[in-house]
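The values are calculated or read from the model by the stated rules, or taken from the named source; none is laboratory data. All values reported here derive from a predicted model rather than from experimental measurement. Cβ sites come from the backbone with ideal geometry, for glycine too, and all protein chains shown count toward neighbours. Note: areas computed on protein heavy atoms with side chains; ligands, DNA, RNA excluded. Shrake-Rupley method; radii C 1.70, N 1.55, O 1.52, S 1.80 Å.
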Amino acid sequence: MKIIYFASPYSDKNPDVVNERYNKTCNKVAELVSQGHIVMSPIVYGHTLLQYKEMPGDWQFWKNFCESFLYKSDEMFVYKIEGWDKSTGLLAEVELAKSLNIKITYLKE
């Protein structure tokens, strides 16, 4: 089975925006997993960990974590929710996926 890396925007100054992005991402990832896909979402995973340990939620802190999973992935799904095209982390992930010749699929909300 292919491993899908699920990229979506996360960080924002407004915590309500962060929670909305997290919830939308969880919903879409759950939908894909329920269909039998193997999906890794650093947003679903990382946001959950932030509830248990105080640590940064920004791209600089999570970059190595995210890229390590992307290197192991066969495909990338980019979730085009509001802010996706301005997300520093997501855009960096897309560039890395391109450099690794990982297939990228863009999903509309």
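Taking the Cβ of Lys103 as the centre, find all other residues whose Cβ is under 14 Å away and add up their charges (Lys, Arg: +1; Asp, Glu: -1).
-1
Tell me, what ³J(HN,Hα) does each residue in the stretch 46-52 have, in order and in whole Hz, if you take phi through Karplus 6.51 cos²θ - 1.76 cosθ + 1.60 with θ = phi - 60° and put x for Gly and Pro?
So the J values, rounded to whole Hz, are x, 4, 5, 5, 5, 6, 10.
In terms of modelled amide H atoms, which long-range or inter-chain residues lie less than 5 Å from the amide H of Glu75?
Result for Glu75 returns Ile3, Tyr5.
In whole percent, and with a 1.4 Å probe on the protein chains, what portion of the accessible area of the stretch 20-109 is carbon and sulfur? Write down the numbers at each step before the final one.
On the way: 2850 of 5560 Å².
The C+S portion of the solvent-accessible surface of the stretch 20-109 is 51 percent.
Which of rounded, prolate, oblate describes the stretch 25-75, given a ≥ b ≥ c as roots of the alpha-carbon gyration tensor eigenvalues and a/c under 1.5 marking rounded, otherwise prolate only if a/b is larger than b/c? Walk me through the intermediate numbers first.
Working: a/c = 3.05, a/b = 1.41, b/c = 2.17.
Oblate, since a/c reaches 1.5 and b/c is not below a/b.
Could you pull the Cα extents of the chain along its three principal axes, largest to smallest, in whole Å?
34, 29, 26
Return the aspartates and glutamates within reach of Lys63: Cα separation strictly under 20 angstrom, same-chain partners fewer than 8 residues apart disregarded; answer none if there are no such residues.
Here the aspartates and glutamates satisfying the reach criterion relative to Lys63 are Asp12, Glu54, Asp74, Glu75, Asp85, Glu93, Glu95.
A 20 angstrom limit on the alpha carbon distance is what I want to check against. Which of Lys24/Lys53; Lys53/Lys80; Lys2/Lys72; Lys13/Lys103 exceed it?
Numbers: Lys24/Lys53 23 Å; Lys53/Lys80 29 Å; Lys2/Lys72 10 Å; Lys13/Lys103 31 Å.
Violating the 20 Å limit, Cα to Cα: Lys24/Lys53; Lys53/Lys80; Lys13/Lys103.
Rounding to the nearest 20 debye, state how big the charge dipole of the chain is about its Cα centre with +1 on each Lys and Arg Cβ and -1 on each Asp and Glu Cβ. Write down the numbers at each step before the final one.
On the way: 13 positive and 14 negative charges, 43 e Å.
In total the dipole reaches around 200 debye.
Rounded to the nearest whole Å², what accessible area per residue is found for the stretch 56-109 with the 1.4 Å probe?
Numbers: 3300 Å² over 54 residues.
Here the residues of the stretch 56-109 average 61 Å² of exposed surface.
Report the far tail of the P(r) of the stretch 48-109, meaning the percent of Cα-Cα pairs longer than 16 Å. Each step should come with its number before you reach the end.
On the way: 957 of 1891 pairs.
Within the stretch 48-109, distances greater than 16 Å cover 51 percent of Cα pairs.
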